[in-house]
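Trainee: Provided herewith is a single structure, encoded as structure tokens, for subsequent inquiry.
None of the figures in this text is laboratory data; all of them are computed from the coordinates on show. Predicted, not measured: the structure shown is a model, and the values here were computed from it. Here the Cβ is made from the backbone with ideal geometry for all residues, glycine too, and neighbour counts use every protein chain on show.
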Amino acid sequence: MPPTIVQLNGACCSGKSTLARSLLSVLERPAVHFEFDHFLTQQFPMQRFYNANRDHYWCDTWPRLVKGFFRAARVVGQEGVHVIVDLPLTTPWLVAQCLDIFSDCDVVLVGVRCSPEAARSRFSERWPAKTPQQLDDVTGHLVAQAERIHRHMIYDLQVDTSQSSASACAVQLRELIEGGSPREAFRQLRATYKVEPAAGADPAGRGAGKP
């Protein structure tokens with residue numbers, strides 16, 4: 001069985017990272033968790049990637065980092081290791097990079113969802129110094145982000161981390177990865193996904209990082 005790229009796609013606080021850690025503990029083959037936020041914060045001060053208004057990542061630097069991140073995941077997978085890619089595909093440009101760079105890989109596309117209430121609770125735990133109004137605003141942002149992320153996507157598996165535990169979701173995903181079931185979503189998405197010309201103008205997109 002060849003190694004697999006597991007692309008987790010979901011909004012902030014949907015449970016992607018927790019699912020990834022649970023999946024690492026149940027897979028038989030060695031696997032690594034490629035988390036884009038961790039990659040950025042461990043290597044670079046985050047304020048370096050915003051303009052004075054903290055509105056966008058640096059237009060020139062951010063796309064190169066994303067491409068390098070995807071390519072690094074691909075190389076690790078070619079060495080016989082499962083790679084769990086934890087980068088939400090928040091814009092058409094990001095979807096296009098995923099489809100292009102992983103074009104010759106065995107890819108499992110996984111949609112990760114949760115309820116608005118769960119997203120709000122997780123956000124408040126992660127960033128506790130928020131007023132109720134700020135939490136309401138953030139929850140609205142996360143709901144809109146989730147709708148945008150999952151629109152037009154095709155998945156091999158969708159999980160709801162507010163309905164099932166991360167461990168239960170990981171077992172479902174392990175069975176898909178190791179059970180030999182055909183993976184059609186990536187191929188179907190490559191055949192049907194169209195990136196509008198304007199999508200390349202702002203590859204980072206508002207809301208590409210944390211709200």
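Trainee: Fewest Cβ neighbours within 10 Å first, please rank Ser103, Ser14 accordingly.
Mentor: By the 10 Å Cβ count, ascending: Ser103, Ser14.
Trainee: Here's something else I'd like to know. Tell me, Ile154, Ile177, Ile101, Ile5 in order of fewest to most beta-carbon neighbours within 10 Å?
Mentor: Ile154, Ile101, Ile5, Ile177
Trainee: Nothing charged except the Cβ atoms of Lys and Arg (+1) and of Asp and Glu (-1): what's the magnitude of the dipole of segment 64-192 about its Cα centre? Round to the nearest 20 debye.
Mentor: Numbers: 15 positive and 15 negative charges, 78 e Å.
Once rounded to the nearest 20, the dipole reads 380 debye.
Trainee: Within 10 Å of each residue's Cβ, count the other Cβ atoms and sort Leu99, Leu109 from fewest upward. Can you show the working numbers first?
Mentor: Details: Leu99 20, Leu109 25.
The order, fewest Cβ neighbours first, is Leu99, Leu109.
Trainee: Given the alpha-carbon gyration tensor of segment 5-201, what are the semi-axes of its equivalent ellipsoid in whole angstrom, ordered largest first, with each equal to the square root of 5 times an eigenvalue?
Mentor: 25, 22, 17
Trainee: Is segment 102-176 best put as rounded, prolate or oblate by its Cα gyration tensor, with a ≥ b ≥ c the root eigenvalues, rounded for a/c under 1.5, and otherwise prolate when a/b is larger than b/c, oblate when not?
Mentor: Cα axes put segment 102-176 in the prolate bin.
Trainee: Which of Val107, Met153, Ser124 sits farthest toward the positive end of the charge dipole of segment 97-187, with +1 on the Cβ of Lys and Arg and -1 on the Cβ of Asp and Glu?
Mentor: So the residue furthest toward the plus end is Ser124.
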